[in-house]
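Have a look at the structure below, then the notes.
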Amino acid sequence: MTTTDKALRLTVLLGESDRCHHKPAYAEIVHRARAAGLAGASVFHGIEGFGASSLVHTARLLSLSEDLPVAVVIVDAPERVRAFLPELEEPAREGVVLLDEVEVVRFPGREEAAR
């Protein structure tokens, strides 16, 4: 039997060269999410994009491939995600933070399906 739960998706849009404490900002966000006990965090590497500078960064041109877009995505219960927001103030300073209400669909695990 499948179940669905209401959740909140947190997406942080950054450039791969954004830094926090001398390491990539996206890595800092993932480590903070883990320390906060969130359900999980994934980093997605973009192939092209632009931000506030309006300069297009793309993987197709070697001279502009230094700051490709990166998205960090976290999905968890709304109250847990909102409690985590203050942790983003420093690492997401150069980025954009998005919040979306989502539904999480859970399929039965192998052990449940065997019953």
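Values as computed for the structure displayed
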{"read-out": "Every residue from the stretch 1-45 that is loosely packed, with under 13 Cβ neighbours inside 10 Å, part of a strand (DSSP E or B) and free of Cβ contacts under 8 Å to residues at least 40 places away in the same chain", "value": "K23, S42, F44, H45"}
{"read-out": "When residues of the stretch 64-91 are limited to those that are in contact (Cβ under 8 Å) with a residue 40 or more places away in the chain and in a loop (DSSP other than H, G, I, E, B), the one surrounded by the most Cβ atoms within 10 Å (Cβ to Cβ)", "value": "P91"}
{"read-out": "Qualifying residue in the stretch 46-58 (condition: surrounded by 11 or more Cβ atoms within 10 Å (Cβ to Cβ) and at pLDDT 95 or above)", "value": "no"}
{"read-out": "Those residues of the stretch 29-47 which are in contact with a strand residue (DSSP E or B) (Cβ under 8 Å, 6 or more places away or on another chain) and over 22 Å from D67 (Cα atoms), in sequence order", "value": "A33, R34, L38, A39, G40"}
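The values are calculated or read from the model by the stated rules, or taken from the named source; none is laboratory data. Fair warning: this is a prediction, and the values are worked out from it, not measured in the lab. Neighbour counts run over all protein chains shown; Cβ positions are idealised from the backbone, glycine included.
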